[in-house]
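The values are calculated or read from the model by the stated rules, or taken from the named source; none is laboratory data. Since the structure is predicted, the reported quantities are computational estimates derived from the model, not experimental observations. FYI the Cβ positions are ideal-geometry reconstructions off the backbone, even for glycines, and counts take in every protein chain you see.
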Amino acid sequence: MELSAPPRSDFHVDIGQSELDFYGENGYLAFDQMTTADELEWLTEVYDSLKRRAAAMVRDQRRYRLIRSHSGLLPVATPKAA
């Protein structure tokens, strides 16, 4: 399955000094929103695709390695050990 490109967005989260101080004291920050609905939908497609690929790799019992290609990381079957 070919994945679509991530959606374009100019969404950003501003962090001020009070947030930095809170993080320093508590070790976490909470935000109302971290991304756009479009990006969340795209990320869901990406994770669903990864889960399907992983399930297929487990079913055929072969070992795989990931290679970089023009469309991202692709699983490639490695030769069986002699």
For the range 20-43, the count of residues that are among the aromatic types (Phe, Trp, Tyr) and part of a helix (DSSP H, G or I) equals 3
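Kindly evaluate LEU29 against the criterion of being surrounded by 11 or more Cβ atoms within 10 Å (Cβ to Cβ), touching an Asp or Glu at 6+ places or on another chain (Cβ under 9 Å) and either of a type in the set (Val, Ile, Thr) or at pLDDT 90 or above (or both).
Yes.
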